1. Scanning for something at pLDDT 95 or above, under 22 Å from ASP109 (Cβ atoms), touching a Pro at 6+ places or on another chain (Cβ under 9 Å) and hydrophobic (A, V, I, L, M, F, W, C), does segment 17-31 turn up at least one residue?
2. Quick one: would you say ASP109 is in a loop (DSSP other than H, G, I, E, B) and either free of Cβ contacts under 8 Å to residues at least 60 places away in the same chain or exposed (fewer than 12 other Cβ atoms within 10 Å of the Cβ) (or both)?
3. Could you list, in sequence order, all residues of segment 94-105 that are loosely packed, with under 15 Cβ neighbours inside 10 Å and within 16 Å of the chain's Cα centre (by Cα)?
4. Would you point out which residue out of ALA106, ALA99 is modelled with pLDDT of 95 or more and not hydroxyl-bearing (Ser, Thr, Tyr)?
5. Need the failing condition index for ALA82 against (1) over 29 Å from GLN126 (Cβ atoms); (2) at pLDDT below 95, just the number.
6. For segment 51-106, which residues satisfy the criterion of being among the β-branched types (Val, Ile, Thr) and under 22 Å from ALA30 (Cα atoms)?
Amino acid sequence: MSITPNADPAAIFDNDNDEEVINWEEEAAAIIKDVNAHVALIEISQQIPSNVSKVYLNVRTIEGQEYCVQVSSIGFRVVGNAFNSIDPGKEEINEEEDAVYETPYALLDKISPSYVESFGNQLCKQLLSVQQMRTQFNEEDEEGVEDEETTGNAKTS
């Protein structure tokens, strides 16, 4: 499971079983920050209350489809096909019928075909940026070698 609580030296633990209690509002904020560039809108539902075991997110895909997504230690699952709504029969997890995803990326991959393209485009931009930085660094490094050769200050090993 990739839902991990933020490492916190003063973490709160459940006294009954020594498991760390996840702050789902903080977890949701991290998820929102992570995938915000790949959706039209993502926010914590203000109408469905969060609790110690789950939080609800309103997600509008790039395609304009709206969902209400439950996030819990089990994973991510669509519970409503509109913001701030839980469809009948979706209050509890039905393991035979409900698709539960381990990551927000897996969920978005399923509900938003444009997510993959958006994510891929961002990755390409980041790789291009790294390549440009490496090229610039290599050019600066080569200029330094040329300067040493022309001034006779080349170091010998």
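1. yes
2. no
3. Let us first name the residues in segment 94-105 that are loosely packed, with under 15 Cβ neighbours inside 10 Å, namely 94-97, 99, 102.
Hit for segment 94-105 is GLU102, nothing else.
4. Going through ALA106, ALA99 in turn, the sole match is ALA106.
5. (2)
6. Just the residues of segment 51-106 that are among the β-branched types (Val, Ile, Thr), to begin with: 52, 55, 59, 61-62, 69, 71, 74, 78-79, 86, 93, 100, 103.
VAL52, VAL55, VAL59, THR61, ILE62, VAL69, VAL71, ILE74, VAL78, VAL79, VAL100, THR103 - these are the residues of segment 51-106 that are among the β-branched types (Val, Ile, Thr) and under 22 Å from ALA30 (Cα atoms).
Here is a yes/no grid of residues against (1) farther than 24 Å from VAL21 by Cβ; (2) in a loop (DSSP other than H, G, I, E, B); (3) touching a strand residue (DSSP E or B) at 6+ places or on another chain (Cβ under 6 Å):
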| site | (1), (2), (3) |
| --- | --- |
| GLN46 | no, yes, no |
| PHE76 | no, no, yes |
| GLY89 | yes, yes, no |
| ILE93 | no, yes, no |
| GLY120 | yes, no, no |
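The values are calculated or read from the model by the stated rules, or taken from the named source; none is laboratory data. Since this is a predicted model, take the numbers as computed values, not measurements. Cβ atoms come from the backbone with ideal geometry, glycine included; neighbour counts cover every protein chain shown.
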